[in-house]
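One structure is given here, and the rest of the page talks about it.
FYI, it's all coordinate maths here, none of it is from the lab. Fair warning: this is a prediction, and the values are worked out from it, not measured in the lab. Cβ: placed from backbone, ideal geometry, glycine included. Neighbour counts: every protein chain shown.
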Amino acid sequence: MASPPGSIGRFTAWDYVVFAAMLLVSAVIGVYYAFAGGGQKTSKQFLTGGRNMNAFPVALSLTASFMSAVTLLGTPAEIYRYGVIYCIFAITYSLVVLCSAEIFLPVFYKLGITSTYEYLELRFNKYLRLCGTVLFIIQTTLYTGIVIYSPALALNQVTGFDLWGAVVATGVVCTFYCTLGGLKAVVWTDVFQAGIMIAGFSSVIIRAVVVQEGIGRIINDSYYGGRLNFWDFNPNPLQRHTFWTIIIGGTFTWTGIYGINQSQVQRYIACKNRFHAKMSLYINLVGLWAILACVTLCGLALYSIYKDCDPWTSKQVSALDQLIPYLVLDILRDFPGVPGLFVASAYSGTLSTVSSSINALAAVTVEDFIRPHFKSLSEKKLSWISMGMSVFYGGVCIAMAALASLLEALLQAALSIFGMVSGPLLGLFALGILCSFANGIGAFVGLVSGFVISLWVGIGSQIYPPLPERTKPLYLSTAGCNISSANLTSTETPLTTIFNAPSSERPALADNWYSLSYLYFSTLGTLTTLVVGIIISLLTGGLKQNTDRKFLLTKEDFLSNFSCSKSETPEKVEVLNCKPLTVAAEGTDNPAFSHIEMDVASNKNEVNGLPI
């Protein structure tokens with residue numbers, strides 16, 4: 001039964017102690033790896049952990065950084081509002097991990113690159129590398145600022161947890177342990193924070209089951225409330241969530257994160273061999289399923305407890321992402337410190353995402369902007385520069401959180417744009433890895449085309465949001481609330497009334513093109529980039545070029561899938577000037593970049609018609 005307004009608890013001293021303890025342990029891990037093993041003496045040790053990490057901690061790190069606080073607070077509210085069709089993402093995660101492990105990882109790992117976008121120069125030209133790096137920096141700093149600010153705002157408005165204290169504390173602690181301990185500190189703090197996430201959500205689930213006198217009642221309430229809507233095979237691409245939008249659109253959307261995004265790729269290429277790298281992705285899949293199960297149960301418990309008195313409609317909370325913090329203080333108010341554990345679990349998602357972003361931003365800045373232009377710098381100096389970049393980007397992320405506080409109405413738009421950027425970039429990498437005839441001209445035209453299409457539909461959908469008939473929100477009741485009807489929001493309006501609302505002010509594109517499911521934004525960008533890139537490459541002589549096989553996915557990459565050795569037998573391949581080259585052992589420094597630079601300096605070679 002929902003508590004009357006104002007009767008839920010507030011944060012106590014014990015809750016702050018638990019939260020502070022989580023931050024302290026994270027900082028201590030950073031201090032430890034600042035000195036363990038002789039410290040971070042080179043940029044490779046700082047940015048890739050010396051490429052000597054095991055699968056298990058990397059897997060937990062991938063899981064923790066994937067599940068930001070925005071996801072942890074938003075997914076239960078999603079299930080509360082729209083039902084458990086969201087659980088089909090469990091299948092999507094499997095496809096994403098399979099694509100990342102079997103298509104992108106083999107190529108990135110055998111090249112020994114640190115920055116994902118270095119591949120674009122090796123395969124195409126330096127201009128595309130610059131485009132990829134700049135886009136990554138812009139989208140990551142914006143998204144990270146939102147990840148810091150958004151959950152802090154939700155928790156502040158419900159629990160009274162200090163807003164800017166939380167923003168600054170998370171930003172400073174992340175910057176601290178990233179700067180001191182590098183990637184190893186990021187990975188091992190993620191391992192600790194993944195445990196905190198599971199503990200926090202488990203405490204909520206266990207208490208909710210006790211309050212509702214068994215999980216059977218939760219499932220029963222959810223069934224009769226229409227929340228167990230697992231399957232919807234409607235092929236309409238305008239429907240927000242169906243089996244097809246989640247499987248197809250979700251796979252493209254999240255492969256853009258797992259397959260090519262620097263924050264994720266940097267972790268699994270830091271493993272000591274390809275076997276550990278692939279295992280880190282597959283073990284991480286189990287972690288994704290576990291987190292998804294936890295947030296799903298939280299969403300169903302949320303509905304079961306508040307099925308007769310929706311806190312959002314009755315204005316006890318002002319936004320859907322405040323529902324879970326509201327539930328925590330409602331059912332755990334008699335257990336000092338436990339609400340603090342939940343808040344610590346939510347902020348563990350923030351810390352893991354932010355720390356991964358800071359480390360990735362430092363990596364691409366050093367590898368793509370500093371190292372190529374200042375080749376005389378020693379590894380020690382590059383290590384110090386990497387640390388300085390971590391401090392710089394930590395400050396930038398905090399500043400972006402402050403900017404997000406001024407742009408609250410644009411938070412959802414910014415998150416959508418983050419997904420729209422990943423789609424064309426995924427198409428660009430897929431073009432290079434899967435199509436031997438793709439050239440620099442085709443890749444560039446394809447990238448621009450993909451951005452234009454995905455931004456067009458994405459921005460249009462923000463200006464003209466889809467009607468409720470496309471999103472299918474489920475019924476919320478306030479029949480059991482002891483409040484006057486004057487306090488209710490328009491959410492209580494019957495859906496049939498909303499569906500029949502006049503739409504004369506909406507253009508024709510609004511109910512068709514702009515109503516495309518948000519999960520298809522990335523799909524559209526990827527496919528447009530691929531199709532246009534292939535056509536332009538064929539028209540500009542792509543079939544005449546001789547592309548080095550080490551930049552492509554080959555059958556040998558599958559045959560060596562289960563190799564556990566540190567290095568593999570060198571393979572004779574031909575580079576673009578048709579001279580033989582022996583590929584160095586996997587996981588070492590890049591075997592191709594210096595060779596191409598030497599050719600450019602001496603022979604003025606051109607790759608795909610464009611100078612490198």
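Couple of notes before you dig in:
- Sequence of Leu142, Leu519 once ranked by neighbouring C-beta atoms within 10 Å, starting from the fewest: Leu142, Leu519
- Amide H to amide H, with H built 1.01 Å from N, Met53 comes under 5 Å of Cys271, Lys272, counting only residues 5 or more places away or on other chains.
- Relative contact order computed over the stretch 186-334 (Cα-Cα under 8 Å; 6+ residues apart), in percent: 33 percent
- Alpha-carbon centroids, the stretch 154-221 and the stretch 131-148: separation in whole Å: 23 Å
- Rounded, prolate or oblate (a/c below 1.5 giving rounded, otherwise prolate when a/b exceeds b/c) for the stretch 60-110 by Cα gyration tensor: oblate
- Here the mean projected area of the convex hull built on the C-alpha positions of the stretch 97-255 is 14.5 nm².
- Compactness of the stretch 320-452 as Cα Rg over 2.2 N^0.38 Å, two decimals: 1.49
- Relative contact order computed over the stretch 37-182 (Cα-Cα under 8 Å; 6+ residues apart), in percent: 28 percent
- Restraint check, Lys44/Lys126; Lys126/Lys550; Lys380/Lys550; Lys278/Lys375, Cα-Cα greater than 25 Å: Lys380/Lys550; Lys278/Lys375
- Using θ = phi - 60° and Karplus 6.51 cos²θ - 1.76 cosθ + 1.60, couplings along the stretch 149-159 (whole Hz; Gly, Pro as x): 7, 4, x, 4, 5, 4, 6, 5, 6, 9, 9
- Oblate is the label for the stretch 172-271, because the ratio a/c of its alpha-carbon gyration tensor axes (a ≥ b ≥ c) is 1.5 or higher and a/b is not greater than b/c.
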